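Worksheet for the structure shown next.
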Amino acid sequence: MRKCDRSTSGYWIIPSLIATLVIVIVLIPTAVVLSKDGRGPTDRLGSPMPNSELSETPTVLVVKHTPGTPMSLNPHSPSNQPTIYPSVSPPSNSPSASPSTSPSTNNPTQNPTYKPWESMLLAYYYPWYIRDDWSRHGYQDEPLLGKYGTDEPAIAEQHIEWAERAGIDAWVVSYNTDTSLTARHFEAGMLQASNIDKIKFCMLYESLMALPTLNFADGTIALDAVISAVIHMRDTYFDHPSYLKINDRPVVVLYVTRNWQNFEPYMLDLIKDAIGIDVFFIADEPFYGWQRTVDGAWNGVQDGKPVFEAYTTYNMFTDPTVRDGESAKDFMFREALPIFEHWSENTVFFPNVLPMYHDFRGNPTLVGDAAGFREQLDTFACLPRPSWYEGEFPNLIFVTSWNEWWEGSQVEPDDSEKYGFTFIDELRKFKDAEFRCPDK
């Protein structure tokens with residue numbers, strides 16, 4: 001019998017097969033298939049999600065990590081980071097497939113061109129108040145309407161009337177899940193208001209509360225949750241005559257995407273494909289630390305292209321930088337304005353204004369008045385724009401907030417003489433003013 005020659009390839013066939021088997025067995029636990037049959041994501045029980053035909057080929061997400069090295073949560077950190085690798089190529093129109101210096105737009109030549117000073121005012125709206133029981137958190141001021149319930153159409157009607165007086169174009173409505181208090185109250189109150197046709201609304205996806213995990217490297221858990229939430233928005237709200245659409249695209253604001261780890265650009269395409277609608281997502285990404293810059297932020301600019309089509313900030317308040325007795329205007333100009341200018345020069349960015357701040361957590365207070373509020377509006381309406389930007393979106397300014405009483409950032413009238421109607425009347429003066437942004 002001839003002895004095996006180690007130099008021959010045949011000697012290694014069986015060991016190679018065994019090694020391959022071992023590799024497959026080791027890797028399978030770290031690979032998660034978006035769907036069992038390749039037709040879209042499943043819910044947590046394994047049932048197919050409706051209207052979610054993404055691909056005829058299953059997509060596998062693998063978390064790659066070098067054993068013995070620390071895993072960084074920052075996608076822009078060096079090579080030992082956890083990285084997501086799709087088993088199929090991203091869609092051809094995906095940002096990661098064709099990097100460029102500017103985001104693609106939805107038929108921009110057919111969209112209207114907006115001037116910087118032609119602003120739309122969007123106010124954050126919280127339908128989570130229970131009549132006569134506001135005890136969940138402490139708060140400083142008292143609403144003119146008393147301890148109201150946001151599930152009451154009469155309250156919603158008064159809010160809409162005041163919003164119309166203020167020139168507010170749309171509510172940005174806090175949304176957690178389809179069974180949450182905010183969803184139930186909004187549908188029972190605001191959507192039943194007799195004057196709902198006087199205002200638009202869109203949803204604020206409260207990802208910090210709604211997502212089971214903020215790490216999208218886990219496979220489908222976070223992605224499924226986002227898809228499920230937006231499908232419910234589509235089926236429940238998008239067809240409402242008052243739902244806010246920009247260039248025929250429903251608007252959804254994503255709260256604190258700056259905390260979304262390992263979110264990849266092609267995942268946005270998966271979400272849009274699953275719901276079958278080209279949603280206009282606005283991501284709450286800029287902040288302090290590494291999120292100051294578009295290149296440093298986890299979900300800012302990657303490979304020369306923004307991950308999201310548009311960005312905003314919900315609230316730039318942070319305790320360590322507040323100075324005793326200062327105003328919201330002074331704080332926003334010193335801390336937030338440089339970040340706003342940077343993001344607005346490099347992405348489609350929509351700022352927020354903050355009238356004041358006094359939360360239940362015991363943080364330092366930011367005082368506010370109508371004059372300082374107006375200065376924020378005038379300044380933030382005229383932020384610089386990227387050289388490639390053609391004005392295809394209206395200039396959105398987010399008001400933080402209409403009725404976040406527990407953080408003391410509301411413009412809704414109070415029952416004292418502290419500020420009353422001054423903030424909403426200043427919003428109207430801003431909307432009615434005939435001014436032009438100064439030449440830069």
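Calculate, in nm to one decimal, what D133 and E326 gain on full extension: separation in residues at 0.36 nm each, minus their alpha carbon distance.
Values: separation 193, 0.36 × 193 = 69.48 nm, distance 3.18 nm.
Gain in length upon complete extension: 66.3 nm.
Roughly how many Å is it from the Cα centre of the range 251-290 to that of the range 219-250, as a whole number?
12
Kindly report, to the nearest 10 Å², the accessible surface of W298 as traced by a 1.4 Å probe over protein heavy atoms only.
Rounded to the nearest 10, the figure is 20 Å².
Estimate the FRET efficiency between E345 and S416 by the formula 1/(1 + (r/R0)^6), using the beta-carbon distance for r and 30 Å for R0, to the nearest 0.05.
Computed FRET efficiency for E345 and S416 comes out at 0.15.
Pairs K200/K431; K147/K429; K200/K245; K198/K272; K198/K245: which exceed 19 Å Cα-Cα? Present the calculation step by step, with values, prior to reporting the outcome.
Details: K200/K431 16 Å; K147/K429 29 Å; K200/K245 9 Å; K198/K272 29 Å; K198/K245 15 Å.
In this structure, K147/K429; K198/K272 lie more than 19 Å apart at Cα.
What distance in nm separates the two pseudo spin-label positions at T293 and T177, each 7 Å out from Cα along the beta-carbon direction?
Spacing of the two 7 Å Cα→Cβ label points: 4.0 nm.
Between Rg and the Kirkwood Rh of the range 338-379, both from Cα atoms, what is the Rg to Rh ratio? Present the calculation step by step, with values, prior to reporting the outcome.
Details: Rg = 13.0 Å, Rh = 12.1 Å.
Rounded to two decimals, Rg over Rh is 1.08.
Excluding residues on the same chain fewer than 8 positions from K305, give the aspartates and glutamates whose Cα lies under 13 Å from its Cα.
Straight-distance partners of K305: E264, D295.
Kindly report, to the nearest 10 Å², the accessible surface of R436 as traced by a 1.4 Å probe over protein heavy atoms only.
Near enough 150 Å² of accessible area.
For a protection proxy built on the mean count of beta-carbon atoms within 10 angstrom, sort 348-355, 406-413, 323-330 highest first, please.
So the peptides 348-355, 406-413, 323-330, ranked by packing, come out 348-355, 406-413, 323-330.
Packing-wise, with mean Cβ within 10 Å as the measure, how do 428-435, 303-310, 416-423 rank, highest first?
303-310, 416-423, 428-435
The values are calculated or read from the model by the stated rules, or taken from the named source; none is laboratory data. A quick note: this is a predicted structure, and the numbers were derived from the prediction, not measured. Note that we place each Cβ from the backbone using ideal geometry, even for glycine, and neighbour counts take in every protein chain shown. These area figures cover heavy atoms from the full protein model, side chains too; ligands, DNA and RNA do not enter into them. Shrake-Rupley method; radii C 1.70, N 1.55, O 1.52, S 1.80 Å.
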